[in-house]
Amino acid sequence: MSFVTKNLVDKEQLIDSLIKNQHYKMPDGRQFYEASEQELKTLICSHVDNQYAFCEINT
């Protein structure tokens, strides 16, 4: 069983958000599942208008 709090965003949620925003691969051509969670967070923060709390922390 997995417990998730409101502040945690998992890799699957990051990938879903990127796909919803018409991003389908990493800039270097890798599939999203091949990227680390941090790489996905960096990508999403640079393309999806900082809608996540972790984007504000990294800027």
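The figures follow:
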quantity: Residue exposure sequence - His47, His23 - by fewest surrounding Cβ within 10 Å; calculated: His47, His23
quantity: Likely footprinting exposure, Ile15, Ile44, fewest C-beta neighbours within 10 Å first; calculated: Ile15, Ile44
quantity: Cβ-based exposure ranking for Ser36, Ser17, Ser46, in which fewest neighbours within 10 Å come first; calculated: Ser36, Ser46, Ser17
quantity: Kirkwood hydrodynamic radius over Cα pairs of region 11-58, then Stokes diffusion coefficient at 37 °C and 0.692 mPa s, in µm²/s; calculated: 309
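Rule-based calculations on the coordinates, nothing more; no lab input. On a predicted model such as this, the values are computed, not experimentally measured, just so you know. Virtual Cβ from ideal backbone geometry, glycine too; neighbours counted across all protein chains shown.
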